[in-house]
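Some notes on the structure that comes next.
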Amino acid sequence: MAKEKLIIFDTTMRDGEQSPGAAMSKDEKLRIARQLERMHVDVIEAGFPNSSPGDFEAVQAVARAIKDSTICGLARANEADVRRCGEAVRVAARPRLHTFIATSPIHMEKKLRMEPTQVVDQAVRAIRWASEYTNDIEFSPEDAGRSDIDFLCRIIEAAIKAGATTINVPDTVGYTLPEQFGGLIHTLRERIPNADKAVWSVHCHNDLGLAVANSLAAVMQGARQVECTINGLGERAGNASLEEIVMAVRTRQDIFNCDTNIDATQIVPASKLVSGITGYPVQPNKAVVGANAFSHESGIHQDGVLKHRETYEIMSAESVGWTHNRLTLGKLSGRNAFKSRLQELGIQLDSEEALNAAFKRFKDLADKKREIFDEDLQALITEEVIEQADSEHWRLISLTAHSETGELPYAKLVVAEGGQEHTTEAQGSGPVDAAFKALEALAKSGASLLLYSVNNITSGTDSQGEVTVRLSKEDRIVNGQGADTDIVVASAKAYINALNKLQSNIKRVNPQLQ
């Protein structure tokens, strides 16, 4: 018997973007969307259009560019949100509007300050407004995992009757356990009279580390859409991980009577792209996409894998896109070869000027690093897009650092502010600390350093270092990124990038906070 289809709904660019400092520019969203389309993701939730003019433009740009995936936008159950969302997604080849309202007693009383009947009426109105823009409408009862089952049945039945074609059941705070959540889906599908008129979906958070387990338990009980993100990105502890959902279902086809259309060989490239753009590194022992996911240290394991891979590997590294770093280009490579390789990687630059700027960066990198790999190109383009997207109030001109045993490390930087150059210097516990202190002495941002993270882009001592710096000031948290073969230079670039984001007026709005 033919397998049923499990719809993969990716919300990396919406819920994933709500991670502290992970806000994405329009160009970055387009890059991720094209990779998701290449992976055959069914539904791409591109953002929350009414949160800001910038996010509206980004969602609309994704809607225009993507042809093979459904493009979805999120809207609270109010007329302003729904209409703004409808305008953003209506240009898509396959538009979807996703509206939500809280249904748990604590949310209705403390956040919405609405009676249950008012909540039902508002949900129905929102769905009717949405139907003016598309007939593909998704409804979510927020915090369903802590909602009263009778009320859930009531509001979902009304939502389907009003025109919702997908019912998404969110475990918004990651509270439920797999048996409980699977049972909830089973009960709702059994009790609601018109349950067969909609696709059942789930959206699980990972506060207890159970997002994937809860999602799979729901699939076992008839859910046929899973909302998830690349690398499990998302606010707090994150969301269900797309790569884990896809590979669990595909690996255990003896258990699941459904499968996805995902091209799994695109999973690792997507993981690297999202990590590079958001500045959220992937932990080495992360399932499927972590650097150690297919590594074997134990002699017993190594012997077994050498004799027969399946003794210790339930899937192959190649099946999810892991390959040996591919040598692509070198210092003698020309502009056409560079452009062709970018196209093969699915990277599209908007103008000849952008291509020329990226090619110059490539040539500068090739002078420092003999072998240029695909990962280097991804990082190079990410850095180029970052500089174009963020107002360059500050720009690094040069850096001198000194570190010697028994001596206090020192850093001296020349930084441009607008058209004027400034020299700043400081001592610190190490050259990176000295560089940061020198930059802060110049910028006087008053920001707190929340995170300093370094990852190598490829293997080898000549690898580029990719640095993420997270700064906090008042109610804003931003991630800054930088890459260079010199880790001190990469660190300074990342700190300056974060300062530029603090300087800009672009601000993301979390819909749950309004």
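Rundown of residues vs (1) within 18 Å of THR485 (Cβ to Cβ); (2) without any contact (Cβ under 8 Å) to a residue 60 or more places away in the chain; (3) not charged (D, E, K, R), yes/no style:
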site	(1), (2), (3)
GLY321	no, yes, yes
GLY330	yes, yes, yes
ARG335	no, yes, no
GLU344	no, yes, no
LEU349	no, yes, yes
ALA354	no, yes, yes
LYS360	yes, yes, no
ASP367	yes, yes, no
Revision key, fill the gap. With criteria (1) within 21 Å of the chain's Cα centre (by Cα); (2) modelled with pLDDT of 85 or more; (3) closer than 24 Å to LEU273 by Cα, SER472 comes up short on (3)
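Condition check ((1) closer than 20 Å to VAL199 by Cβ; (2) in contact with a Gly (Cβ under 6 Å, 6 or more places away or on another chain); (3) surrounded by 22 or more Cβ atoms within 10 Å (Cβ to Cβ)) across all residues:
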site	(1), (2), (3)
ARG113	no, no, no
ARG128	yes, no, no
ILE137	yes, yes, yes
ASP148	no, no, no
GLY163	yes, no, no
Practice item. State which residue pairs qualify: first residue touching a residue at least 40 places away in the same chain (Cβ under 8 Å) and over 16 Å from SER271 (Cβ atoms) and inside the stretch 10-27, second residue among the acidic types (Asp, Glu) and crowded, with 21+ Cβ neighbours inside 10 Å in any location, beta carbons under 6 Å apart, and separation of 6 or more residues or different chains. Key: ARG14/GLU45; ALA23/GLU17
Check your understanding: Can you tell me which residues in the stretch 28-43 are surrounded by fewer than 21 Cβ atoms within 10 Å (Cβ to Cβ) and in a helix (DSSP H, G or I)?
Key -> ARG34, GLU37, ARG38
**Study point:** Residues located in the stretch 210-269, provided they are part of a loop (DSSP other than H, G, I, E, B), touching a Phe, Trp or Tyr at 6+ places or on another chain (Cβ under 9 Å) and farther than 16 Å from LYS286 by Cα
**Key:** GLN221, GLY222, ALA223, ARG224
Review point. Restricting the search to the stretch 207-229, which residues are surrounded by fewer than 21 Cβ atoms within 10 Å (Cβ to Cβ) and of a type outside the set (A, V, I, L, M)?
Key: ASP207, GLY209, GLN221, GLY222, ARG224
Exercise for review: Just give me the residues in the stretch 12-26 being closer than 22 Å to THR99 by Cβ and part of a loop (DSSP other than H, G, I, E, B), in sequence order.
Suggested key: THR12, MET13, ARG14, ASP15
Exercise for review: Please state which one of ALA75, ALA61, ALA46, ALA92 is in contact (Cβ under 8 Å) with a residue 24 or more places away in the chain and assigned to a helix (DSSP H, G or I).
Suggested key: ALA61
Review point. Which condition number in (1) more than 26 Å from GLU79 (Cα to Cα); (2) in a loop (DSSP other than H, G, I, E, B); (3) within 30 Å of the chain's Cα centre (by Cα); (4) not β-branched (Val, Ile, Thr) is the one that PRO193 fails?
Key: (3)
Review point. How many residues does the stretch 105-148 hold that are under 16 Å from TRP200 (Cα atoms) and assigned to a helix (DSSP H, G or I)?
Key: 2
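The values are calculated or read from the model by the stated rules, or taken from the named source; none is laboratory data. Given the structure is predicted, the values throughout are model-derived calculations rather than measurements. Note that each Cβ is placed from the backbone with ideal geometry, even for glycine, and that neighbours are counted across all protein chains shown.
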